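Structure first, then comments.
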Amino acid sequence: MTASTMDTMTNATAHVASPEQRTAAFYELEPHHHPEGASTMLGFWIYLMSDCLIFAMLFAAYGVLGGNFAAGPGPKDLFELPLIALNTAMLLFSSITYGFAMLVMEKGNVRATQAWLLVTAVFGACFLAIELYEFSHLIHEGAGPWRSGFLTAFFSLVGTHGLHVTFGLVWLFTLVIQLSQKGLTQANKRRLQCLSLFWHFLDVIWIGVFTFVYLMGMI
Amino acid sequence: MSDHAHPNPHAKDHHDEHGGSHGSMRDYVIGFLLSVILTAIPFWLVMTHAIADKGTTAIVIMAFAIVQIVVHMIYFLHMNTKSEGGWTVMALIFTIIIVVIALSGSLWVMHHLNTNMMPMVHDMGQLP
């Protein structure tokens, strides 16, 4: 289309409505204000969903490689279910104590929020300590991630979950300090709600881990 | 999201600024108790070998895992179809579809590769 035909067409419709008017009828041209942080929760949820895909890939890798023992030890030689049950309990307790932190946050009680967050951190740290003990025990027995495809997939999946918990703990301590500096401001409440989603999400992933890796391996 | 729902930009400040619902004490306690039960039963099933058949045990503990994930979603993550105008549920459904395709596809394809393309002993002799 040449420039002259464009002009003709624009002139032909100009008496109906100018292009700007027509555009304005269809789109909102004025930038409208969203309250600060209004889209943060949805954005964080979408991040969690993408994180979910990372774990799905690791679960798929474990599902494919989980039977390749390379003549090495298998799940029944390595896993101790009572330890895993304890680990699961730690994560479950940390979930409900984080819930309590959110409830006292709603009431505006800074000290109680910090206290419940620290209780959550203790349970989270116990979870990590048990997991690190398990990993070091496995590596000491010569069943490190280099031993077989099964162990590579196992360490990647469980290790990635553990790394998430570690960063969740770093985030949690940052927020405890933020709370003592700034109190329960709107921004801090939003951050606590994001961490709440993150923390409960990690517990959801752990349900998959203990079911598919540990329990299915021990049947 | 459309501005028509909030013609007054300040109106949004008064009600919940995140559009999501917050749990109550009752929600968290119910979620916790259900989670404890739904975790304890599969562990008990596997540790005591209560069901003799391995396939049945696997299906039962997978069912418990799925129920527990739903319980966590509702009572801890406060999922409902209305939060953020339904976009969280849309994102969740999309993710579930992708996860199911990726998991079942990987397992299916790799299982067939492993079983059908294994070098057979009697084939080895015919190799040049």
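What percent of all Cα-Cα pairs in the protein assembly as shown falls in each 20 Å bin, counting up from 0?
It works out to 25, 46, 20, 9, 0, in whole percents.
Quick one: what are the phi-derived ³J(HN,Hα) couplings along the range A:181-190, Karplus 6.51/-1.76/1.60 with θ = phi - 60°, whole Hz, x for glycine and proline?
Karplus-based 3J(HN,Hα) across the range A:181-190 equals 7, 10, x, 8, 6, 4, 5, 5, 4, 4 Hz.
Can you give the mean number of other chain Cβ atoms that lie within 10 Å of the Cβ atoms in peptide A:210-219?
6
Could you report the buried accessible area between B and A, both sides summed, computed with a 1.4 Å probe and given in Å² to the nearest 100?
4300
For the range A:33-157, what number results from the quotient of the Cα radius of gyration and 2.2 N^0.38 Å?
For the range A:33-157, the normalised Cα radius of gyration is 1.40.
When ranked by the protection proxy of mean other Cβ atoms within 10 Å per residue, highest first, what sequence do the peptides A:31-39, B:62-70, A:66-74 form?
B:62-70, A:66-74, A:31-39
Roll a 1.4 Å probe over the protein chains and send me the accessible area per residue for the range A:66-164 in Å².
Ligands and nucleic acids excluded, the figure is 41 Å² per residue.
Packing-wise, with mean Cβ within 10 Å as the measure, how do A:206-218, A:182-194, A:153-165 rank, highest first?
A:206-218, A:153-165, A:182-194
Two decimals, Cα atoms only, Kirkwood Rh: what is Rg/Rh over the range A:110-166?
Result: Rg/Rh = 1.18.
Obtain the nm distance between the two label points defined at A:H34 and B:R26 by a simple spin-label model: each point lies 7 Å from its Cα along the Cα-to-C-beta direction.
Placing both labels 7 Å beyond Cα along the Cβ direction yields 3.3 nm.
Return the average number of partner chain Cβ atoms within 10 angstrom of each residue Cβ along peptide A:127-138.
Partner Cβ neighbours, averaged per residue: 0.
If you average the alpha carbon positions of the range A:32-60 and of the range A:198-219, how far apart do those two centres end up, in angstrom?
Using only Cα atoms, the two centres lie 21 Å from each other.
Across 10 Å bins from the origin, how do the percents of Cα pairs in the range B:38-113 run, short distances first?
Cα pair-distance distribution for the range B:38-113, in percent: 16, 31, 33, 18, 3.
The values are calculated or read from the model by the stated rules, or taken from the named source; none is laboratory data. Values in this document were obtained by computation on a predicted structure and should not be read as measured data. Quick reminder, even Gly has a Cβ in these numbers, built from the backbone with ideal geometry, and neighbours come from all protein chains shown. Surface accessibility is based on the protein's heavy atoms, side chains included, excluding ligands, DNA and RNA. Shrake-Rupley method; radii C 1.70, N 1.55, O 1.52, S 1.80 Å.
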